[in-house]
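To keep things clear, I will list the structure first and then write my remarks on it.
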There are 2 protein chains.
Amino acid sequence: MHLYQPPLEDYNFILHHFLKIEKEDIEGYKDLSPEFTRPIFEEAGKLASEVISPSNKDGDEQGCKLENGIVRTPESFKLAFDKLRAGGWLSLDIEEEFGGQNLPLILSTVTNEMFTSANMSLTMYSGLSRGAYSAIFLHGSEDQKQMYLPKLANCEWTGTMNLTEPHCGTDLGLIRTKAILTENGSYEVSGQKIFISSGDHDLSENIIHLVLAKTPDAPEGVKGISLFVVPKFLVNDDGSLGERNKLSVGKIEKKMGIKGNATCVMNYDGATGYLVGEENKGLKAMFTMMNEARLGVGMQGLAQAEIAYQAALNYAKDRIQGRAIQGKANPDQSADPIIVHPDVRRNLMEQKSFIEGARGFIAWAAVLLDKAKRDGDKNAEGIASLLIPVIKGYVTDKGFEYTINAQQVFGGHGYIEEWGMSQYARDCRIAMIYEGTNGIQALDLVGRKLAMDGGKHMREYLKLVQNFIKEEHSKDFENDFIAPLKKSIEHLQAALLFFMENGLKNPLSAVSGATDFLHLVGLVSLGFIWSKKAQSAEEQLKNPLSDKNFLEAKILTGSYFMNRQLPETRLRLDKILTGEKQVMSLAANQF
Amino acid sequence: MHLYQPPLEDYNFILHHFLKIEKEDIEGYKDLSPEFTRPIFEEAGKLASEVISPSNKDGDEQGCKLENGIVRTPESFKLAFDKLRAGGWLSLDIEEEFGGQNLPLILSTVTNEMFTSANMSLTMYSGLSRGAYSAIFLHGSEDQKQMYLPKLANCEWTGTMNLTEPHCGTDLGLIRTKAILTENGSYEVSGQKIFISSGDHDLSENIIHLVLAKTPDAPEGVKGISLFVVPKFLVNDDGSLGERNKLSVGKIEKKMGIKGNATCVMNYDGATGYLVGEENKGLKAMFTMMNEARLGVGMQGLAQAEIAYQAALNYAKDRIQGRAIQGKANPDQSADPIIVHPDVRRNLMEQKSFIEGARGFIAWAAVLLDKAKRDGDKNAEGIASLLIPVIKGYVTDKGFEYTINAQQVFGGHGYIEEWGMSQYARDCRIAMIYEGTNGIQALDLVGRKLAMDGGKHMREYLKLVQNFIKEEHSKDFENDFIAPLKKSIEHLQAALLFFMENGLKNPLSAVSGATDFLHLVGLVSLGFIWSKKAQSAEEQLKNPLSDKNFLEAKILTGSYFMNRQLPETRLRLDKILTGEKQVMSLAANQF
């Protein structure tokens, strides 16, 4: 089994050369020098590599067990989670008033990627808690904040999000869970919720469930949904734990992967709950935390692709089989390492060029979200909103694809559980589904985000890329980077034109190409980011003390993306231009 | 859990309208009228649906257990396997002299697709036996044939293929298993083999292992490999079972899927084996059965995509969630079935247009193999050899991709094991790996098959497509089918030209694009097949008694493929044209 190795040099390059974060005029950023970030990342990387990564297989093999109504996680999970808590790693970007360190999102995004590569199931326990924290922070009363946030901040208590019911997931207007007001102002919550990640476990002393439910006279559909906080153990006024609330785990789902995280059926039987925010505004409250949550899921796609790539690369250097076409690489041995074979190379280059590009994409989005949150920058917020569904959809689609490709490097050894490649693939698969399926992300992008604020955010995004294209570039750079980038942006513009000309009179024609459009924007974004990264590497190479080997690899890897991956934009455009004609041609009974 | 439903109408359309098999002048084909094939397919379909499909989940949940040295399969497997045997389904295309029915491969290809959709793990027990049968049939002595073939024919005994060892899979020149000649002419075989599918089980009374090994003085590398038959129980001269041979199961591998098939570590400790064919010609003996074996694995990719598609389609029609953009489809209910949503449609259309195209592709190849085997047609054999790696690689790559897409239709329900979608995906995954990884298929195509017989087979293939293009077509057909087909064939020709101009002086430049080329040929093939199918549907539509709904669906599904899938040929060409520059740019230490 491969143990995670943190890609510290790539983080350094992305944050301090590509994004130059310490030069960004964002509150809290001026301290973020390489000298400040490196020791943090080294520590986090050490923890990820030495403590968290070894627990990963236990989650898959032992899974979670429901015993007498309580979910038990593997022993190594408790150890690892305690260390995460003890190191303050779970509250890096939490407000100081509730016990956090108030560091920017860009930092916790990097550390979370490491922890997620090392053990995705484990980090979901804290990830969901972060969601519960945000929901109460943004919409809870002052009393609720004082009661829950200091405990949620560093996962002394953990949290869950309860949306889905057996008959509805995407269409939350259909939910049936009821909340009835009692005389003391609390509610009695009754109903069944399914697919509740981290629904129960033994990693914390209390679990704070955020539950969507309907009051008896609520309007129909999504306008009648309210948000409630329903703790596993009721909390006394002094903060101590009171009696067990009337909720229970119906079962733990058997799933394809992330077996170390308990996905529970939760039964609420008149459980005591407290309204968060206004009645009937529950869905809106959930939506406000969506950007960070979806960024987090996109990051899971990256994180699994990264650990799978690391393992595949090691294997490709170790495993000897066959001879290099260009002559024996390993004349003293009976065969050459398989990394000499072009098709193995191709496979590794696809993974590498995607992973490093996606890492830059997510880091860029984190900076935009910091700018939005810390400086109230509406422009940054708009571009981030536009890009978040792309990060969620594109990075998890491709992250899964490349995790599968990494598994392929192992041949038959990738298919048996021993080497861990199967687990990475099975774990990664969920990221395409939850937090809104990738089809829903595409719909959000085309149906909502494109038109938001009169289409301003896409225009701003295009301007960023076009301004970069217009800068002066070396001839090689023009050929390898700017030329393919230009083409891809033409494809994007052609798709936008098609949507404008057709989408208004016939929304079907635009929506039929939604997934292709999401991928098109994903490709252009990685093309833009790789161009900027390569430019930054070129600059650095002028410094004779720079790491030539590393920087040249960046440029070559970027060039691979620009010339072998980015041309897919044209295919995506071709598909979009067919409108709804092909997609909607069959009657339902003709399938 | 979805129970398999045989796509009988599609088989009828493919065999009797697209391929018009009863009009082919191939030995044994003239009887293959629709009246002859339909009852066979109906019976096979009934068995697949009612007996085999219900056993599928048992394989995944109960798996195989090693108890006191013997592998136990689920009870339902024994029942289903007995019925397959009793119905003569496992010997359809076996020679009459050994107890089979000598029917053409095209028939067993269809029935095997059904059985494989219903339970892939189960059909592997008979599939591997078929391989052992062929090895002995083609290379064994008369005595060996008489001893083993009547029993292998209908799986009274089953067979295995033992190639891989812990340190070598693809590079068989490295194998270490030894075979030492004894005084009585048999050999003592010693060594360890891994990844042996159907290595042991309780479905038959004896297991006939075909084992690659080296004699003490054998030349180095692949030229020193011999093939041995090593039965689990030695066979007495009267055909009765004798003593247990010196071989044992080391363990059953824990794997991602196909858990109902025992993948074994096999230990041979001086086991008695008998040379099959000539010494040192073992690899060649294995290669002669490769076409059918690889066709069979390609078919597994199709079969899993089919069952996953069936389940996804049912779910999309059943599950109500959200409202259609074009107005409520289901005004009496709280939501519409998700099949109304364009992105769900797109997903289903991609699956459907691939599956029906791939089914035509595999059926065509089966006819070519029949023509080669039954009529000794060298031209057919050549084209089949060219296309087999494409079928294995392209159909399993895409079959897995679409199985994943089918899983996506279920949202969260696709990720839990309850609905069976996870199993289809996990089972399907192996088809990209075994019987030569898909990277090896690409290398076989570009490195061997293209140049075979002076490049004749690719020229013949191109001629077939070009002659079809030149025929007279209706204007609509020109637009929807011929125009995209023409473009795709231009891309294929451009790729071939690039290989010719660069590949000879620098093989790396061709091999770097091998996987892209394999997909390019796969796409063109499906484009060709869809065009022919649509043409055949157009013809049939002139008959007023024809099934208009069904035939129009064929044309529309074909049109989807031609206009939304086939344009990928250009992307594949773009990648091929980058040669080795991008693929081989990094030094190994720059990864």
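The values are calculated or read from the model by the stated rules, or taken from the named source; none is laboratory data. This is a predicted model, so every value here is computed, not measured. Note that we place each Cβ from the backbone using ideal geometry, even for glycine, and neighbour counts take in every protein chain shown. Each accessible area value is taken on the protein alone, full model and side chains, heavy atoms only, with ligands, DNA and RNA left out. Shrake-Rupley method; radii C 1.70, N 1.55, O 1.52, S 1.80 Å.
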Separation between Cα centres of the range B:440-471 and the range B:231-266, rounded to whole Å | 40 Å
Stokes-Einstein D for the protein assembly as shown, Kirkwood Rh over Cα pairs, 4 °C, 1.567 mPa s (µm²/s) = 41 µm²/s
A student applying the Cα gyration tensor rule (rounded when a/c is under 1.5; otherwise prolate if a/b is larger than b/c, oblate if not) would label the range B:63-183 oblate
Calculate the tail of P(r) for the range B:502-545: the fraction of all Cα-Cα distances greater than 14 Å, expressed in %.
-> 66 percent
Report the local net charge at A:Ile320: Lys and Arg +1, Asp and Glu -1, summed over other residues whose C-beta lies under 9 Å from its C-beta.
-> -2
Axis-proximal residue, chain A, for the rotation superposing A on B (Cβ, Å) | A:Leu571, 2
Can you list residues whose amide H is under 5 Å from A:Asn162's amide H, if they're 5+ apart or on another chain and H is modeled 1.01 Å from N?
-> A:Leu210, A:Val211, A:Leu212
Percent of accessible area on the range B:451-585 owned by carbon and sulfur, 1.4 Å probe?
-> 54 percent
Surface per residue (accessible, 1.4 Å probe) for the range A:289-436, Å² | 24 Å²
For the range B:156-281, what is the accessible area per residue in Å², given a 1.4 Å probe and the full set of protein chains?
-> 38 Å²
Restricting attention to the range B:483-591, which trypsin sites (Lys or Arg not before Pro) occupy a DSSP loop and are surrounded by at most 13 other Cβ atoms within 10 Å?
-> B:Lys505, B:Lys542
Give me the Kirkwood hydrodynamic radius of the range B:156-281, using the inverse of the mean 1/r over all pairs of distinct Cα atoms, in Å to one decimal.
-> 14.8 Å
Please list the equivalent ellipsoid semi-axes of the range B:332-392, computed as the square roots of five times the alpha-carbon gyration tensor eigenvalues, in descending order and whole angstrom.
-> 41, 10, 5
Residue-averaged [θ]222 nm for chain A, counting only DSSP H segments that reach four residues, each worth -39500 (n - 2.57) | -16000 deg cm²/dmol
Long-range HN-HN contacts of B:Ser546 with modeled amide H, under 5 Å = none
Give the nm distances, rounded to one decimal, from A:Leu66 to the matching residue in every other copy, measuring between label points 7 Å along Cα toward the beta carbon; shortest first.
-> 3.3
When the convex hull of the Cα atoms of the range A:451-585 is projected onto a plane and the area is averaged over all directions, what value comes out in nm²?
-> 8.9 nm²
Calculate the translational D of the range A:517-591 in whole µm² s⁻¹ from Stokes-Einstein, where the hydrodynamic radius comes from the Kirkwood formula applied to all Cα pairs, the temperature is 4 °C and the viscosity 1.567 mPa s.
-> 87 µm²/s
Keeping all protein chains in position, work out how much accessible area B:Leu497 exposes to a 1.4 Å probe, and write it in Å² to the nearest 10.
-> 90 Å²
Name the residues whose placed amide hydrogens come within less than 5 Å of the amide hydrogen of B:Gly242, ignoring near sequence neighbours (fewer than 5 apart) on the same chain.
-> B:Leu234, B:Val235, B:Asn236
Provide the per-residue ³J(HN,Hα) series for the range A:229-241, in order, calculated from phi with Karplus coefficients 6.51, -1.76, 1.60 and θ = phi - 60°, each as a whole number of Hz, with x at glycine and proline positions.
-> 9, 10, x, 4, 10, 4, 10, 6, 4, 7, x, 6, 7
In whole Hz, with x marking every Gly and Pro, tabulate ³J(HN,Hα) for the range A:520-526 from phi via Karplus 6.51 cos²θ - 1.76 cosθ + 1.60, θ = phi - 60°.
-> 4, 5, x, 5, 4, 5, 5
Three principal axis extents, largest first, for the C-alpha atoms of chain B, in Å?
-> 79, 61, 57
For the range A:405-424 versus the range A:497-511, the gap between their alpha-carbon centres in whole angstrom = 43 Å
Alpha carbon Rg of the range A:8-135, scaled by the compact-globule rule 2.2 N^0.38 Å = 1.16
Can you send over the carbon and sulfur percentage of the accessible area for the range A:77-156, probe radius 1.4 Å, protein chains only?
-> 50 percent
Please express the Cα-Cα pair-distance distribution P(r) of the range B:385-443 as a list of whole percents, one per 10 Å bin, running from 0 to the bin with the greatest distance.
-> 25, 42, 23, 9, 0
Got a number for the accessible area of B:Asp93? Probe 1.4 Å, square angstrom, nearest 10.
-> 20 Å²
In the range A:69-107, GluC sites (Glu not before Pro) in a DSSP loop with at most 16 other beta-carbon atoms within 10 Å = A:Glu95
May I ask you to list the lysines whose Cα is less than 20 Å away from that of A:Lys83, ignoring any residue fewer than eight positions away on the same chain?
-> A:Lys46, A:Lys57, A:Lys151
Can you list the residues of the range A:165-187 that have at least 30 square angstrom less accessible area with all protein chains present than in their chain by itself, probe 1.4 Å?
-> A:Asp171, A:Leu174
Any idea which of B:Gly140, A:Gly411, B:Leu492 is furthest toward the positive side of the dipole for the protein assembly as shown, if Lys and Arg beta-carbons carry +1 and Asp and Glu beta-carbons -1?
-> B:Leu492
Which of the residues in the range A:388-423 lose at least 40 Å² of accessible area when you go from the chain alone to all protein chains together (probe 1.4 Å)?
-> A:Ile404, A:Gln408, A:His413, A:Tyr415, A:Ile416, A:Glu417
If you keep only loop residues by DSSP, which GluC sites (Glu not before Pro) in the range B:277-310 have at most 13 other Cβ atoms within 10 Å of their Cβ?
-> B:Glu278
Teacher prompt: B:Asp547 distances to equivalent labels in other copies, 7 Å Cα→Cβ, nm = 6.3
Given a 1.4 Å probe, how much area per residue of the range B:8-135 is accessible, in Å²?
-> 37 Å²
Going from most exposed to least, what order do A:Thr288, A:Thr123 have by accessible area with a 1.4 Å probe?
-> A:Thr288, A:Thr123
From the backbone phi of the range B:88-99, what are the Karplus-calculated ³J(HN,Hα) couplings (6.51 cos²θ - 1.76 cosθ + 1.60, θ = phi - 60°) in whole Hz, Gly and Pro given as x?
-> x, 5, 8, 10, 3, 9, 7, 4, 4, 4, 10, x
For the pair A and B, total buried accessible area rounded to nearest 100 Å², probe 1.4 Å = 8100 Å²
Position A:Asn330, label points 7 Å along Cα→Cβ, spacing to each other copy in nm (shortest first, one decimal) = 5.6
In the structure shown, of A:Lys486/A:Lys554; A:Lys23/A:Lys378; B:Lys284/B:Lys392; A:Lys486/B:Lys470, the pairs separated by more than 27 angstrom at the C-alpha atoms are A:Lys486/B:Lys470
Run through all the Cα pairs of the range A:299-374 and give the fraction in each 5 Å bin from 0, expressed as whole percent.
-> 3, 15, 19, 16, 12, 10, 8, 6, 4, 3, 2, 1
Leaving out ligands, DNA and RNA but keeping every protein chain, what accessible area does B:Val344 have, in Å² rounded to the nearest 10, with a 1.4 Å probe?
-> 30 Å²
